[in-house]
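Data block below; observations after.
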Amino acid sequence: MKNITPSIQKVLDKFLDEDIGRGDLSLINTEDKFVNAHWISKQNAIFCGGLFIEYIFLKLNASTKVKLKKTDGETLTAGEKILELTGPVASLLSGERTALNLSMHLSGIATATKKMVSYLEGTEIKLADTRKTTPGLRVFEKYAFRCGGGINHRMGLDDAAMLKENHIAWGQSITQSVEELRQNIPWTAKIIVEAETPQQAKEAVQAGADGVLLDEMNPEKISILVPQLREIASIKNKKVIIEASGINPNNIKKYLSTGIDLISSSAAITKSPWIDFSMRFNSPEQDLL
């Protein structure tokens with residue numbers, strides 16, 4: 001089993017505690033019986049969660065053996081076997097729902113991400129996630145996004161400074177805000193400005209922002225604006241990352257020739273359906289194969 005950080009282990013332990021509570025009341029004389037089981041996918045999908053599945057079942061009983069047929073990020077076809085399990089029936093039954101729920105959710109995100117990333121093939125544009133994640137699940141959901149081929153935006157507010165609409169609304173000018181941030185944040189941290197107008201975007205680049213997020217701008221406007229932002233950055237001898245957000249996933253292809261570096265979207269995490277997986281115990285005949 002690959003190493004999982006202690007902080008992730010604690011979260012997975014809480015997931016198990018949530019479901020098992022004081023003990024599985026459904027178990028009857030099963031504690032010492034070893035069985036074989038397997039998971040199958042009922043849909044075409046991108047698999048995600050193997051790392052966590054192993055931990056969950058081994059946490060319940062260290063003698064359990066987990067044999068993954070697929071690694072995270074690999075393609076599954078409907079009816080394909082995902083993994084094989086050998087262990088005490090009590091442990092397999094107690095861990096089944098927690099492991100399935102997490103993996104089905106994460107595989108849904110990875111699958112949706114892969115579809116969106118496919119629209120960007122042949123370009124240098126990257127797809128990034130956002131902070132719109134399920135509380136308590138952010139690290140898992142962002143991991144699933146990476147398994148689908150996307151890249152991660154900031155994990156939290158302490159990763160980078162981003163001046164968003166509400167910061168700008170009650171704060172000083174973008175220029176003054178960028179200058180103050182530069183004086184107070186670690187030199188390793190980036191400053192990103194969310195711009196709703198071309199004027200805000202230009203001011204952000206002129207002020208020395210490391211990135212500009214063009215929020216809900218149409219591709220025609222972005223195509224005109226990007227060369228102007230590049231010219232301002234060039235004069236200042238500075239590289240700037242230009243990002244578009246607020247884009248309907250179905251319209252991504254309209255932005256491919258705009259000159260942007262990044263598209264950020266929450267859709268793969270917030271709108272993706274779970275992938276249907278199932279755990280089945282092997283029949284005696286299957287065990288003989």
Which listed residue (CYS48, LEU58, GLY150) has the Cα farthest towards the positive end of the charge dipole for the range 8-167, taking +1 on Lys and Arg C-beta and -1 on Asp and Glu C-beta about the Cα centre? GLY150
Please give the charge dipole size of the range 160-265, origin at the Cα centre, charges +1 on K and R Cβ atoms and -1 on D and E Cβ atoms. Round to the nearest 20 debye. 340
Along each principal axis, Cα extent of the chain, largest first, Å: 73, 38, 27
State log₁₀ I(q)/I(0) for the range 101-211 at q = 0.11, 0.18, 0.24 Å⁻¹ as given by the Debye formula over alpha-carbon point scatterers of equal weight, solvent excluded. -0.46, -0.96, -1.19
If we count other beta carbons within 10 Å of each Cβ, what is the order of ASP261, ASP72, fewest first? ASP261, ASP72
In nm, give the distance between the simple-model label positions of ASN44 and LYS115, each being 7 Å from the Cα along the Cα-to-Cβ direction. 1.1
Taking the C-alpha atoms of the range 160-265, convex hull volume expressed per residue in Å³: 93
What relative contact order, as a whole-number percentage, does the chain give when Cα pairs under 8 Å and 6 or more residues apart are counted? 21
Please check which bits of the range 73-112 a label hung off PHE281 would reach, taking the label as a point 7 Å along Cα-to-C-beta and the cut-off as backbone N under 20 Å. 82-101
Cα-based Rg and Dmax for the range 1-114, in Å, come out at 14.0, 44
Give me the percent of DSSP beta bridges within the chain that run antiparallel, rounded to the nearest 5. 50
Radius of gyration and maximum dimension Dmax of the range 152-219, Cα, Å: 11.5, 35
Between 0 and 90°, nearest 10: helix 50-60 axis offset from the chain longest Cα axis: 40
Looking only at lysines whose Cα falls under 28 Å of LYS65's and that sit 8 or more positions away or on another chain, we get LYS2, LYS10, LYS14, LYS33, LYS42, LYS81, LYS142
With only helices counted (DSSP H, runs n ≥ 4, each -39500 (n - 2.57)), the per-residue ellipticity at 222 nm for the chain, to the nearest 500, works out to -13000 deg cm²/dmol
For the range 58-95 and the range 104-145, distance of Cα centres in Å: 24
With unit charges on the beta carbons (Lys and Arg positive, Asp and Glu negative) and the dipole taken about the Cα centre of the chain, which residue among MET162, SER26, TYR119 sits farthest to the positive side? TYR119
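Readers should treat all values here as calculations from the given coordinates under stated rules, not as data from a laboratory. As the structure is a prediction and not an experimental result, all values here were calculated from the model. Cβ atoms come from the backbone with ideal geometry, glycine included; neighbour counts cover every protein chain shown.
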